[in-house]
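S.K.: Take this structure, written in structure tokens, and hold onto it; I'll ask about it next.
The values are calculated or read from the model by the stated rules, or taken from the named source; none is laboratory data. Given the structure is predicted, the values throughout are model-derived calculations rather than measurements. Because the Cβ atoms are built from the backbone with ideal geometry, glycine has one as well, and the counts that use them run over all protein chains shown.
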Amino acid sequence: MTAQWISWWGFVVISIILLGFAALVLWKLFSDSGALAGLLSEPQTPNDTSPPKASLSRFQFLIFTFVIAGLYLLLSIEAGTLIEIPGNVLALLGISGGTYVISTTVSSSERKQEQTAEAAASKPARGRKPTTTPPGANG
């Protein structure tokens, strides 16, 4: 077998795997409409009844990943061998992933602060006695 045949079979296998993942996602979407509901939205707090907010960082990361993976696969098939990914493309993918991670960290921190504030507001202060004026005492 030549190197070109090996790379061709490698691309066939990779293409089948990617198409399998795509088919799995489509099957999940059609069989259970709520299965991927949180894919592009920020997670909500348990007592939040408002509709979920769309996340630009999640959408950007998803689109960048699919575009770069699709172009890499297409260019590799055209060339007949694996191509080298330019450093600036990897840098853009890293920036996109970094914005997703930072966005998730910030929103998680905000949710924890809100939960802590709600828990502190619902608990009475320890060690303090209510300050009421005894009957008959003038202030």
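S.K.: Do you know which residues across segment 53-95 are at pLDDT 85 or above and in a loop (DSSP other than H, G, I, E, B)?
M.R.: Scanning segment 53-95 gives I83, E84, I85, P86.
S.K.: Hey, any hits in segment 30-45 for a residue that's aromatic (F, W, Y) and either under 27 Å from G98 (Cβ atoms) or touching a residue at least 60 places away in the same chain (Cβ under 8 Å) (or both)? Please lay out each step first, then the result.
M.R.: Keep residues of segment 30-45 that are aromatic (F, W, Y), which gives 30.
Next, only the ones that are either under 27 Å from G98 (Cβ atoms) or touching a residue at least 60 places away in the same chain (Cβ under 8 Å) (or both) stay: none.
Within segment 30-45, not a single residue is aromatic (F, W, Y) and either under 27 Å from G98 (Cβ atoms) or touching a residue at least 60 places away in the same chain (Cβ under 8 Å) (or both).
S.K.: Does L18 fit the bill of being modelled with pLDDT under 85, assigned to a helix (DSSP H, G or I) and surrounded by 12 or more Cβ atoms within 10 Å (Cβ to Cβ)?
M.R.: Values: modelled with pLDDT under 85: yes; assigned to a helix (DSSP H, G or I): yes; surrounded by 12 or more Cβ atoms within 10 Å (Cβ to Cβ): yes.
So L18 passes the test.
S.K.: Moving on to the next point. Can you tell me which residues in segment 13-35 are among the polar types (S, T, N, Q) and closer than 24 Å to L82 by Cα? Working first, answer last.
M.R.: As a first pass, look at segment 13-35 and keep what is among the polar types (S, T, N, Q): 15, 31, 33.
The one that is among the polar types (S, T, N, Q) and closer than 24 Å to L82 by Cα: S15.
S.K.: Let me ask something additional. Suppose we keep only residues that are over 18 Å from the mean Cα position of the chain (by Cα) and surrounded by 10 or more Cβ atoms within 10 Å (Cβ to Cβ) within segment 29-58. Which one would you say is nearest to S109 (Cα to Cα)?
M.R.: Filtering first and then ranking leaves D48.
S.K.: Inspect all residues belonging to segment 29-43 and state whether any of them is in contact with a helix residue (DSSP H, G or I) (Cβ under 8 Å, 6 or more places away or on another chain) and at pLDDT 80 or above. If you could, list the steps in order and put the result at the bottom.
M.R.: As a first pass, look at segment 29-43 and keep what is in contact with a helix residue (DSSP H, G or I) (Cβ under 8 Å, 6 or more places away or on another chain): 35-36, 39-43.
Imposing the further condition that a residue be at pLDDT 80 or above reduces the set to none.
No, segment 29-43 contains no residue that is in contact with a helix residue (DSSP H, G or I) (Cβ under 8 Å, 6 or more places away or on another chain) and at pLDDT 80 or above.
S.K.: Hey, another quick one. May I ask you to verify whether V25 is outside any loop (DSSP other than H, G, I, E, B), modelled with pLDDT under 80, under 20 Å from the mean Cα position of the chain (by Cα) and of a type in the set (A, V, I, L, M, F, W, C)?
M.R.: Numbers: outside any loop (DSSP other than H, G, I, E, B): yes; modelled with pLDDT under 80: yes; under 20 Å from the mean Cα position of the chain (by Cα): yes; of a type in the set (A, V, I, L, M, F, W, C): yes.
So V25 passes the test.
S.K.: Are any of the residues in segment 57-67 touching a Gly at 6+ places or on another chain (Cβ under 7 Å), under 30 Å from K112 (Cβ atoms) and touching a residue at least 24 places away in the same chain (Cβ under 8 Å)? Walk me through it before giving the result.
M.R.: If we filter segment 57-67 for residues that are touching a Gly at 6+ places or on another chain (Cβ under 7 Å), which is where we start, we get 61.
Then keep just the ones that are under 30 Å from K112 (Cβ atoms); that gives 61.
The next check asks that each one be touching a residue at least 24 places away in the same chain (Cβ under 8 Å); those that pass are 61.
So far as segment 57-67 goes, yes, one or more of its residues are touching a Gly at 6+ places or on another chain (Cβ under 7 Å), under 30 Å from K112 (Cβ atoms) and touching a residue at least 24 places away in the same chain (Cβ under 8 Å).
S.K.: Okay, next question. Residue check: is F61 surrounded by 14 or more Cβ atoms within 10 Å (Cβ to Cβ), within 24 Å of the chain's Cα centre (by Cα), closer than 27 Å to V13 by Cβ and outside the structural domain of S7 (by TED's automatic domain parsing)?
M.R.: Values: surrounded by 14 or more Cβ atoms within 10 Å (Cβ to Cβ): yes; within 24 Å of the chain's Cα centre (by Cα): yes; closer than 27 Å to V13 by Cβ: yes; outside the structural domain of S7 (by TED's automatic domain parsing): yes.
The answer is yes for F61.
S.K.: Among the residues of segment 69-84, is there at least one that is aromatic (F, W, Y), surrounded by 12 or more Cβ atoms within 10 Å (Cβ to Cβ) and closer than 30 Å to V12 by Cβ? Even if it seems obvious, please write down each step before you answer.
M.R.: Restricting attention to segment 69-84, the residues satisfying the condition of being aromatic (F, W, Y) are 72.
With the extra rule that they be surrounded by 12 or more Cβ atoms within 10 Å (Cβ to Cβ), the set shrinks to 72.
Within this subset, residues satisfying the condition of being closer than 30 Å to V12 by Cβ are 72.
Yes, that holds for at least one residue.
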